[in-house]
Structure formats: C-alpha cells, structure tokens
C-alpha cells in the first residue's frame with residue numbers, strides 16, 4: 001500500500017472549514033445585529049410595501065401551467081441555439097446541418113402544439129362538433 005498525497009484532502013478540509021466559518025459568522029452577525037420586535041404587522045404578508053387584499057390562493061387553470069412549461073422548454077432551446085451561434089465557425093457545415101435539424105424539430109413541435117390548441121387561451125373551438133338538434137316532445 002502506497003501513501004497518497006494528503007495535499008488535496010487538506011485543501012478540501014480547509015475549504016470546508018472556511019465555508020462553515022463564513023456561514024457561522026453570517027448567521028451569528030444577523031442574530032446579534034438583527035432587530036428584535038414583534039409588531040402587529042410583523043407576520044403579515046405584503047408585496048412591495050402594499051398591504052395585500054384578499055386571498056393569495058388563486059385558482060389557475062391548467063392551461064396557464066401548460067403554457068408556462070412550454071415557454072420554459074422553448075426558452076431553454078434558445079440557450080442551445082445561442083451556444084451554436086458562439087461556436088458556428090468551429091462547427092462548420094456539420095454544425096449548421098445539426099442546428100438546422102434542431103430548429104426544424106422545434107418548428108414541428110410548435111406547429112403540433114398550435115394544432116392541438118395548447119397555445120390557445122380562448123374558449124375551445126366548437127365548430128368541429130356536431131350541433132345538437134332538439135327533438136320534438138310529445139310526438140307532435
């Protein structure tokens with residue numbers, strides 16, 4: 001069994017000790033220097049100094065969350081396109097064809113989401129459903 005160099009472990013230990021020390025100093029300073037009061041409005045929620053009205057529990061439709069997830073997904077794709085744009089000269093034609101395929105797939109996904117109505121906030125289109133025809137009552 002050979003002896004390992006203790007320098008990496010020593011530097012890791014010093015780093016962990018420094019991090020723990022900084023955290024303890026920050027928490028201790030906020031405890032010592034922090035204000036100690038308990039006014040009537042201390043526990044009340046507020047938004048930018050404005051007293052809130054009503055409940056914070058709003059009912060959102062699932063459509064809102066769906067559009068939010070789609071936005072995050074397509075926003076993340078912009079990061080990939082930006083990364084390609086930074087390295088476009090190094091990637092050459094193979095990188096160009098890869099990003100072209102990537103953008104085409106994004107457009108296909110966007111068209112699919114548009115077609116199924118995932119991006120529509122309005123009421124559902126009822127033009128494709130058969131209209132209800134009332135029947136005569138009483139056999140007249």
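The values are calculated or read from the model by the stated rules, or taken from the named source; none is laboratory data. This is a predicted model, so every value here is computed, not measured. Positions of Cβ are generated from backbone atoms using ideal geometry, with glycine treated the same way; all protein chains shown enter the neighbour counts.
With in a helix (DSSP H, G or I), modelled with pLDDT of 90 or more and surrounded by 10 or more Cβ atoms within 10 Å (Cβ to Cβ) as the only criterion, which of 20, 32 stands out? So that I can check it myself, show each step before the final result.
Working: 32 fails: surrounded by 10 or more Cβ atoms within 10 Å (Cβ to Cβ).
After ruling out the rest, the residue left standing is 20.
Taking residue 120, is it assigned to a loop (DSSP other than H, G, I, E, B), surrounded by 10 or more Cβ atoms within 10 Å (Cβ to Cβ) and at pLDDT below 90? Walk me through it before giving the result.
Values: assigned to a loop (DSSP other than H, G, I, E, B): yes; surrounded by 10 or more Cβ atoms within 10 Å (Cβ to Cβ): yes; at pLDDT below 90: yes.
In short, yes.
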